[in-house]
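Note sheet for the following structure.
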């Protein structure tokens, strides 16, 4: 998930969905945000009780893994995106495309409404992701806080890339530079913004998944389909949201990379299904 969140156009939520831990993750975050809310309201005893309900054996290793990936792989992935932009975009395109098939299996009942939601959300995401902003020069600390509170929402939504939202806000290069430079002050402010944004959004998302599961999943599938715009390998990989058709001598290699990545995702999804990795919020609570 941490590796995916670094890449514009790829969401850590997509990885969680493929591995069958998405709803368990959202529920764990919602429970933790409830404890944070109780603490802010001056109810320490209630906050302590809610913290005991958090699925820590699941959440702590996950957060550690995300943190390690963000710190250690930021420069590696950034280099690969610069040196091999179309190849990397093809791989990520295949990863997300394969994830769409996995997500579609999680919808229990398809009907005209949910198919319409997929089409409308995909079209909207395709349009919005075509918008880009110029980079912000020497941003203030409050800008990192605001950017984090918005981007973190995308990081837990399959198909919506927090990194690409940072690109749209003109904050991507500044955040990556802060990670690579180990700028503690900036990273602390960014982290606080992310925690607050995540706490506010996770409660709503957990409720929607519990009460309108198939409709929410249809919307998430639409987001993933629309996000393929920024992962289309041609002309310049994830460096641009523009799309063009490849020439005859360009399409074969990149298509094979994309198919291999899609096959990898489908294989991981198959293994997750057969190992019983999928957990619902109700299962986690019990």
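Here, each number is a calculation from the coordinates, and none is a lab measurement. Keep in mind the model is a prediction, meaning the values are calculated, not measured. Heads up, the Cβs are rebuilt from the backbone with ideal geometry, glycines too, and the neighbour counts pull from every protein chain shown.
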The whole-number value in µm²/s of the Stokes-Einstein translational diffusion coefficient for the stretch 2-285, with Rh from the Kirkwood sum over alpha carbon pairs at 10 °C and 1.306 mPa s, is 81 µm²/s
Extend 7 Å from the Cα of residue 40 along its Cα-to-C-beta direction; within the stretch 171-203, residues with backbone N under 14 Å of that point are 192-203
Pull out the extension gain between residue 200 and residue 108, defined as 0.36 nm times the separation in residues minus the alpha carbon to alpha carbon distance; nm, one decimal.
30.3 nm
Where does each of 211, 27 land when they are ranked from fewest to most other beta-carbon atoms within 10 angstrom?
211, 27
Between the alpha-carbon centers of the stretch 10-58 and the stretch 248-263, tell me the distance in whole angstrom.
38 Å
Segment residue 56-residue 259, length gained on full extension (0.36 nm per residue, minus Cα span):
69.5 nm
Per-residue ellipticity at 222 nm attributable to helices in the chain (runs of n ≥ 4 DSSP H, -39500 (n - 2.57) apiece, nearest 500 deg cm²/dmol) works out to -24500 deg cm²/dmol
Stretch residue 215-residue 245 to full length: gain in nm at 0.36 nm per residue minus the Cα-Cα span?
7.5 nm
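Could you please rank 83, 210, placing first whichever residue has the fewest other Cβ atoms within 10 Å of its Cβ? Walk me through the numbers on the way to the answer.
On the way: 83 9, 210 16.
Least to most surrounded, the residues fall as 83, 210.
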So, in nm, how far is label residue 76 from label residue 182 when the simple model puts each one 7 Å beyond its Cα toward the Cβ?
1.8 nm
Highest mean packing first, using Cβ neighbours within 10 angstrom, the peptides 196-206, 179-189 sort as 196-206, 179-189
When 45, 87, 24 are arranged by how many other beta-carbons sit within 10 Å of their Cβ, fewest first, they go 45, 87, 24
